[in-house]
Each structure stands twice: as C-alpha cells, then as structure tokens.
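Chemist: Okay, here's the structure, questions in a sec.
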Amino acid sequence: MKHLRSLSVLSVTAALALTLGACSAGPAAPEDTDPGTTAFPVTLQVPGVDGPLVIDEEPQRIVALSSDAAIALHELGAADRIIAIPSGAANSALNPYADEMAAVENVIAGENSPEPEQVLAWDPDLIVVTARHTGEQDASDVLSATGVPVLTLTNGWSSSDAVIENLDLIGQTIGATEEAKAVAAEIEDGLAGIRARSAQADSVPTVAILSNQAQVPFINAGSSLVAELVANGGGSNVAEQIGITQTMPIQPEQLVAANPDAIMLVDVTGKGESSFDAVLGNPAVAALPAVQEGRVEVFLGRDVYGLAGREVVSGSAAVLAWLHPELAE
C-alpha cells in the first residue's frame, strides 16, 4: 500500500476529525422524529475499535472496501448509495448481487487497500471495511485519519451471530435500523427451523469443506461461517477430526486420511469442479467412498461463502438438502 503513510496533506482534516470525536455525544432524538428512523448525528462504539464513531448526517455516498460490506448494504436497501466496491464484489460467483452492482461507478482493483487519495477523490461520506488482515486494518487506520467516517467491522463475519451484529452496526450507521432488525429476524427464524429439522437426522456425516480461492484447493477449518452452515445442515467439519485448525492448502494424503463422508467444493472463482483437480484427480482420493458413491457437491461461493445476509439461511437449507434430503422442505 504505497503512499499510505504520507498523509501530511490531510493533517487539517485529521485534526478536525479528532476534535469532532472528542466533542460529540449522541444527542437525543428530536421530538418529531419518526420512531422507525434513525436520528442523526449518531455516535457508535464499534466492538474492537478504539473510540467512538460519529456520523453527523445520513450517509449518501458510501465506499465499501470489502465484498461482505457491499452485500450487507444491498441487504439493507442501500445499494443505490454505494459509490465504490472492491473487485470481489463484482464477481458473480461470490456476490449474489454482482449483476445489480455492475452500475457502481468505481471498482477497486485490489481488496481493501486503495490509495487514500483515490478514496477521498470519490467524495464519500462513509467508508465500510472488514478488518480481517493487517493490511485492511492499516487501511482503516489511515482512512480514519482523513476525517471521513470509517466503520471498521472486526468480527470477520465468521458466524451467523457476527452477520447479525454487523447488519445492526451498518443499519445504525446508515439510518436503516428497522431494515437491519427485519433481516436479523429472518435469519434467526430461518436458522431455527433448519436446525430443528437437522436435529432429527439419524447421523451426522463428516464433511471436508474445500475452496478454490488460491492456485491449490484449501480445506476450511476453525471458526468460519461455512463450517456453521455445514453444522446447521446436519454435518460436521472433518478438519477438526484430523487436527487441522486453520484454513490451509490440502494435500491428497490428508484428505485420504480424513476419509470424509462427503466433500463440499466451494467455488469462489467461477472455475467449477475442474479447479479442484489437483486433489480430486489423485487416484487415492478418487477411490474414497465419498467420491465413488457420488457424495461430492459443488456450491457457488455466493451461496455458502463470504455471506452477509439472508443467504446464511438459504445456504444452510442447501446443505441440509444435500446431506439429509429426507429432512429438507
């Protein structure tokens, strides 16, 4: 991220931002405020972020620096306010609303790390970023110093609870609290029904969750939303059973040792099942019962991966229909 540390030209706006942050306190809503709307200014304490976030007016020009943020803004009915998205949000294999976002005027070539001068040139009044990695946190810190409000989401969208929390934070920030509550209720109610059905299953098959975001297939492990979807659908992540605790490249011999009951192929690039040939093409892997008996399924990333809204429910339902078709609606 060249130039990210050379922001002396922005020192005046940075000082102004610090002054606003120190002096602001969330005022009471005017008496004539509609109870279903958000009164601005808004002051939020975002989990994992030092200091309050102050939004003076309802944002109308929003830069989404991460794909999940762009999806969430669409879920809350604010797609028409997005003025910039990362290239990942334009990927139809990853974003269910990619076609609708084709009209967004600015596409950031790299995820989460544009030049601050470029972002400021778009004249945003809100920037939303997911700080999963060091570079993303650096971008958040530097852009926060420009005086433009930056909502930094720190929970990684790693569970349905995290999705609901982030929708609530974005809703408060953009004046869409009621929309956020409605989507949250849909997610909670939908997942409750799916979990109740999967609890009736006679068995809990082990599932190897493979994804193709790199040159070689990765096995997904640890705390992740896709692993929760598998659990919602009545399965368990086989990675834990073979001692893999973080998402990493998978070797054929590891998959053979795991001998999963089923193999889930998550296509985030749109390249299809052939992009997993480095593992599935191995003779020992091809001889696994899961492969021989047809328990290998391709899921598009937009349906089960990097989710930021209602697809948490539909993705869980799709997994349930795959693993336990007798229990699916």
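Chemist: Rounded to the nearest 20 debye, what is the charge dipole size of the chain about its Cα centre when +1 sits on each Lys and Arg Cβ and -1 on each Asp and Glu Cβ?
Modeler: 840
Chemist: Put +1 on the Cβ of each Lys and Arg and -1 on the Cβ of each Asp and Glu in the chain; which of Leu167, Gly190, Gly315 then has its Cα farthest toward the positive end of the dipole?
Modeler: The Cα lying farthest towards the positive end belongs to Gly315.
Chemist: Let me ask something additional. Looking at the square roots a ≥ b ≥ c of the eigenvalues of the Cα gyration tensor of the range 30-188, which shape do they give, rounded for a/c under 1.5, prolate if a/b is larger than b/c, or oblate?
Modeler: Rounded is the answer for the range 30-188, as its axis ratio a/c remains below 1.5.
Chemist: Hey, another quick one. Calculate how large, on average over all directions, the projected area of the Cα convex hull of the chain is; give the answer in nm² to one decimal.
Modeler: Average projection, Cα convex hull of the chain: 18.0 nm².
Chemist: What does the accessible area per residue of the chain come to in Å², with a 1.4 Å probe and no ligands, DNA or RNA counted?
Modeler: Result: 45 Å² per residue.
Chemist: I would also like to ask the following. Report the net charge of residues surrounding Ala93, where surrounding means a beta-carbon distance below 9 angstrom and charges are Lys +1, Arg +1, Asp -1, Glu -1.
Modeler: Here the charged neighbours net out to +1.
Chemist: Considering all projection directions equally, how large on average is the shadow of the alpha-carbon convex hull of the range 259-300, in square nanometres?
Modeler: That works out to 2.7 nm², a quarter of the Cα hull's surface.
Chemist: Can I ask one more? Thr245 to Gln200: extension gain in nm, 0.36 nm per residue of separation minus the Cα-Cα distance?
Modeler: 13.4 nm
Chemist: Local charge sum around Pro217 (other residues, Cβ-Cβ under 13 Å, Lys/Arg +1, Asp/Glu -1)?
Modeler: Net local charge, Pro217 excluded: -2.
Chemist: Still on this structure: Test of understanding: what is the full-extension gain from Ala214 to Glu329, defined as 0.36 nm times their sequence separation minus their Cα-Cα distance?
Modeler: 37.9 nm
Chemist: Which of rounded, prolate or oblate describes the range 88-163 when judged by the alpha-carbon gyration tensor and an a/c cut-off of 1.5?
Modeler: It is oblate, given that a/c is not under 1.5 and a/b is not larger than b/c.
Chemist: Specify the residue with the greatest mean-square fluctuation among Ala109, Ala221, Ala98, computed from a Gaussian network of the chain linking alpha-carbon atoms under 10 Å apart.
Modeler: For the chain, modelled as a Gaussian network with Cα springs under 10 Å, the answer is Ala109.
Chemist: In what sequence, highest mean first, do 181-194, 137-150 appear when ranked by Cβ atoms within 10 angstrom?
Modeler: Packing proxy ranking, top to bottom: 137-150, 181-194.
Chemist: Okay, moving on. For the pair Glu57 and Thr269, what calculated FRET efficiency results from E = 1/(1 + (r/R0)^6), where r is the Cβ-Cβ distance and R0 = 45 Å, to the nearest 0.05?
Modeler: The calculated FRET efficiency here is 0.70.
Chemist: While we're here: Which shape class, rounded, prolate or oblate, goes with the range 265-329 when its Cα gyration tensor gives a ≥ b ≥ c as root eigenvalues, a/c under 1.5 marks rounded, and past that a/b bigger than b/c marks prolate?
Modeler: Oblate.
Chemist: Another question, if that's okay. Return the sequence-ordered ³J(HN,Hα) values of the range 173-178 in whole Hz as given by the Karplus equation 6.51 cos²θ - 1.76 cosθ + 1.60 applied to θ = phi - 60°, using x for Gly and Pro.
Modeler: So the Karplus estimates, Gly and Pro as x, are 5, 9, x, 10, 5, 5 Hz.
Chemist: OK, next. Among Val119, Gln200, Ala131, whose Cα lies farthest out toward the positive end of the dipole of the range 77-200, if unit charges sit on the beta carbon of Lys, Arg (+1) and Asp, Glu (-1)?
Modeler: Gln200
Chemist: Given the options Glu240, Glu179, Glu105, which has the most mean-square fluctuation in a GNM of the chain, springs set between C-alpha atoms less than 10 angstrom apart?
Modeler: Comparing Glu240, Glu179, Glu105 in a Gaussian network model of the chain, the most mobile one is Glu105.
Chemist: Please figure out what share of the DSSP beta bridges in the chain is antiparallel and state it in percent, rounded to the nearest 5.
Modeler: The answer is about 25 percent antiparallel.
Chemist: Ok, one more. How much of the accessible area of the chain, probe 1.4 Å, is carbon plus sulfur, in whole percent?
Modeler: C and S atoms contribute 51 percent here.
Chemist: Name all residues of the range 200-241 having a backbone nitrogen under 17 Å from the label point set 7 Å from the Cα of Asp277 along its Cα→Cβ direction, giving them as ranges.
Modeler: Of the residues in the range 200-241, 212-218 have backbone N under 17 Å from the label point off Asp277.
Chemist: So who's got an amide H within less than 5 Å of the one on Ile83, skipping anything under 5 residues away but keeping other chains? H placed 1.01 Å off N, in plane.
Modeler: Close amide H contacts, sequence-distant or interchain: Ile62, Val63, Ala64.
Chemist: Considering only Pro47, Ser66, Ala90, whose Cα is most displaced toward the positive end of the charge dipole of the range 46-92, charges sitting on Cβ of Lys, Arg (+1) and Asp, Glu (-1)?
Modeler: Ala90
Chemist: Now, a different point. Sum -39500 (n - 2.57) across every DSSP H segment of at least 4 residues in the chain, then divide by the residue count to get the 222 nm mean residue ellipticity, nearest 500.
Modeler: Estimated from H runs of four or more residues: -10500 deg cm²/dmol.
The values are calculated or read from the model by the stated rules, or taken from the named source; none is laboratory data. From a predicted model like this one, the values you see are computed outputs, not experimental measurements. Note that we place each Cβ from the backbone using ideal geometry, even for glycine, and neighbour counts take in every protein chain shown. Accessible surface is based on the protein model in full, side chains and every heavy atom, while ligands, DNA and RNA are left aside. Shrake-Rupley method; radii C 1.70, N 1.55, O 1.52, S 1.80 Å.
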